[in-house]
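First up is the structure itself, then whatever we jot down about it.
The values are calculated or read from the model by the stated rules, or taken from the named source; none is laboratory data. Keep in mind it's a predicted model, so treat the numbers as computed, not measured. Here the Cβ positions follow ideal geometry from the backbone for every residue, glycine too, while neighbour counts run over all protein chains shown. SASA here: full protein model, heavy atoms, side chains in, ligands and nucleic acids out. Shrake-Rupley method; radii C 1.70, N 1.55, O 1.52, S 1.80 Å.
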Amino acid sequence: MSIKDEFATRNFSIYGQWLGILSMILCFALGIANLFNLVKFLLIIFAIFALVFCFIILFIEVPLLLRICPTSASFDAAIRRVSTNYMRAATYGVMALVQWLSLTIGVSSLIAAAVVLTLTGLCYALAGLKGQAFVGSKTLGGAGVAQMIV
């Protein structure tokens with residue numbers, strides 16, 4: 001199944017997964033960019049949060065990495081708990097809330113990460129509300145790709 005076919009299924013969990021990848025890229029780029037903020041020192045804390053979120057999203061959205069990367073059993077268990085649409089929506093909601101709170105210090109580019117994290121959480125919430133089962137993108141290592149490698 002190609003990416004085009006995956007988007008044609010109209011399953012919001014697929015949309016959420018790809019928005020999650022976009023969130024990961026934005027959190028990484030904006031986290032690094034705001035790490036060097038010399039005017040608002042407290043913003044550096046939110047930049048560090050964005051960088052941490054980037055790697056959490058990477059393991060949530062690309063399940064194949066849990067088999068490849070040497071991680072602890074407790075980390076694997078924590079990531080595997082985020083497997084349903086509702087749990088993913090809640091996780092992204094918390095991440096988005098943290099980035100929205102960065103606005104209390106001042107306006108920064110982290111608002112872009114907050115917006116995309118919010119949209120990702122909404123996609124997963126809509127998938128859950130519509131009763132759509134979570135479907136992992138085969139391109140990102142879901143639905144049988146890990147079994148083909150092992």
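Of note:
- The stretch 21-75, subset in contact with a Phe, Trp or Tyr (Cβ under 9 Å, 6 or more places away or on another chain) and modelled with pLDDT under 85, residue surrounded by the fewest Cβ atoms within 10 Å (Cβ to Cβ): Cys69
- Taken over the stretch 102-127, the criterion of being polar (S, T, N, Q) and open to solvent by 40 Å² or more (accessible area, probe 1.4 Å) is satisfied by Thr104, Ser109, Thr118.
- Test for Tyr15: is it surrounded by fewer than 18 Cβ atoms within 10 Å (Cβ to Cβ), touching a residue at least 40 places away in the same chain (Cβ under 8 Å) and among the aromatic types (Phe, Trp, Tyr): no
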